[in-house]
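The values are calculated or read from the model by the stated rules, or taken from the named source; none is laboratory data. Source: prediction; values computed, not measured. Cβ coordinates were reconstructed from backbone atoms using ideal geometry, including for glycine residues, and neighbour counts include every protein chain displayed.
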Number of protein chains: 2
Amino acid sequence: MFEVFEKYLRSKTEITDEELEMIRAVSIQRKLRKRQYLLQEGDVSRHDCFIAKGCLRTYRVSEDGNEHILRFAVENWWMSDKESYNSGKPTKINIDALEDSELIIFTKENFTELQAAIPNLRLFMEQLHARAFDVIQNRLYTHISYTAEEKYNNFIKSYPDIFNRVPLHMIASYLGVSRETLSRIRSQYAHR
Amino acid sequence: MFEVFEKYLRSKTEITDEELEMIRAVSIQRKLRKRQYLLQEGDVSRHDCFIAKGCLRTYRVSEDGNEHILRFAVENWWMSDKESYNSGKPTKINIDALEDSELIIFTKENFTELQAAIPNLRLFMEQLHARAFDVIQNRLYTHISYTAEEKYNNFIKSYPDIFNRVPLHMIASYLGVSRETLSRIRSQYAHR
DNA sequence: CGATTCTTTGAAAACAGTCAATCTGTGTGG
DNA sequence: CCACACAGATTGACTGTTTTCAAAGAATCG
């Protein structure tokens, strides 16, 4: 399982064999079954998780009891609640597996030390965080400027891999529309 | 003008007099008149800007020609397009002043060197970026789960200072609703 | 004061949400 | 292997919300 992570790291950043061994030494491997939780509302997020295999989602439950999906993540993506991770406060979000998944996990303490010891790792993670911000800002833009149909088409175009393995009602939740509306958008689209 | 920035830095992070002098030495002071642009679509963002006084906005123009405001920023906030700044590619956004404003500006080269030379500055900026991510993720959540009225009330509660100095049609743009809808939400709210 | 910018209002049309029912495909247990 | 349960997707009818377009009323600035 660690080989996936090793391959990922080597392709993304310059890293020596010794550094990789340091990383491996503190890595935790974990399997999640479909529907199993990685993090639940009220927990404190204390880990960085790399997805070696599978598919997870983060969602929040609103006051009226509805689930709202904030993001999906598949192989080679990271998953955690940065807000709780950084602040040490209980999280407002839930993370669970949409498929049987395999994760490489680091505790916050270990991962902080690794980044201090391995400048390239730190640099890489910083770039990752910076890009995550860009992605979310662009997504916010789609929410204030796109129609539901445009958001849906944009999603398919941007994440065809996720589109093909996640149920539509979850995509509706991610896009912020009801599943019925998404269904109707799809049928209109098919009839043109 | 630099005193505002000095006060800000000293209150937010441990910093020595020499370090502060290093920072001051490469800082650029700039004034913007209302409606003047700091960055326009197609430019490359090469600066970090701290707002010592005034109010700016970033917005994007959609294909149908509408302006969509991504964020406002007032005193003691930073303003730049991180995406273009990091990638070196032309920006998709515009930044202009909503009031006469005063800025402390650093070139990317200078600011990168400062952060390398001053660990506390680097740490502080990292925390700032991390919090910016949390803020935008929470805002995204409000967009997929709140009604227009809830978004409006949440905005007033979160940013009363901005609410009081920005025209309503811009708040409508920021919230992703038409100005007429915002106006009607307000009048309904007043009649209860 | 006149011009511009900003805000509000009205009416019609487009859009999205809700509730209830039905349809489809998948997988599990008998 | 079949029947049944279950999760997911769709459809219809209705309701409620939001946009659009047009107009008019405030407020602000030079």
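General observations
- Selection within the range A:168-181 - of a type outside the set (Gly, Ala, Ser) and either in contact (Cβ under 8 Å) with a residue 60 or more places away in the chain or touching a Phe, Trp or Tyr at 6+ places or on another chain (Cβ under 7 Å) (or both): A:MET170, A:ILE171, A:TYR174, A:LEU175
- Some residue of the range B:75-84 being in contact (Cβ under 8 Å) with a residue 40 or more places away in the chain and assigned to a strand (DSSP E or B): yes
- Filter result for A:SER173 (assigned to a helix (DSSP H, G or I) and either away from DNA strand C (no atom under 13 Å from the Cβ) or within 14 Å of chain B (Cβ to nearest Cβ) (or both)): yes
- Selected residue [within 16 Å of DNA strand D (Cβ to nearest atom) and within 14 Å of chain A (Cβ to nearest Cβ)] from B:ASP64, B:ASP81, B:ASP100, B:ASP48: B:ASP64
- Taken over the range B:21-73, the criterion of being in contact with a helix residue (DSSP H, G or I) (Cβ under 7 Å, 6 or more places away or on another chain), among the acidic types (Asp, Glu) and buried (at least 16 other Cβ atoms within 10 Å of the Cβ) is satisfied by B:ASP48 alone.
- When residues of the range A:1-20 are limited to those that are part of a loop (DSSP other than H, G, I, E, B) and of a type outside the set (Ser, Thr, Tyr), the one surrounded by the most Cβ atoms within 10 Å (Cβ to Cβ): A:ILE15
- All positions within the range A:143-169 that are within 13 Å of chain B (Cβ to nearest Cβ), polar (S, T, N, Q) and surrounded by fewer than 17 Cβ atoms within 10 Å (Cβ to Cβ): A:THR147, A:ASN154
Here is a yes/no grid of residues against (1) at pLDDT 95 or above; (2) within 25 Å of A:SER84 (Cα to Cα); (3) under 15 Å from the mean Cα position of the chain (by Cα):
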| residue | (1), (2), (3) |
| --- | --- |
| A:LYS7 | yes, no, no |
| A:ARG10 | yes, no, no |
| A:ILE15 | yes, no, no |
| A:SER27 | yes, yes, no |
| A:ALA52 | yes, yes, yes |
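- Qualifying residue in the range A:80-97 (condition: touching a Cys at 6+ places or on another chain (Cβ under 8 Å) and either over 25 Å from B:VAL135 (Cβ atoms) or charged (D, E, K, R) (or both)): yes
- Some residue of the range A:150-157 being more than 22 Å from the chain's Cα centre (by Cα) and within 14 Å of DNA strand C (Cβ to nearest atom): yes
- Residues within the range A:113-165 that are of a type in the set (S, T, N, Q), within 16 Å of DNA strand D (Cβ to nearest atom) and in a helix (DSSP H, G or I), tallied: 3
- Selection within the range A:87-114 - among the polar types (S, T, N, Q) and surrounded by fewer than 17 Cβ atoms within 10 Å (Cβ to Cβ): A:SER87, A:THR107, A:THR112
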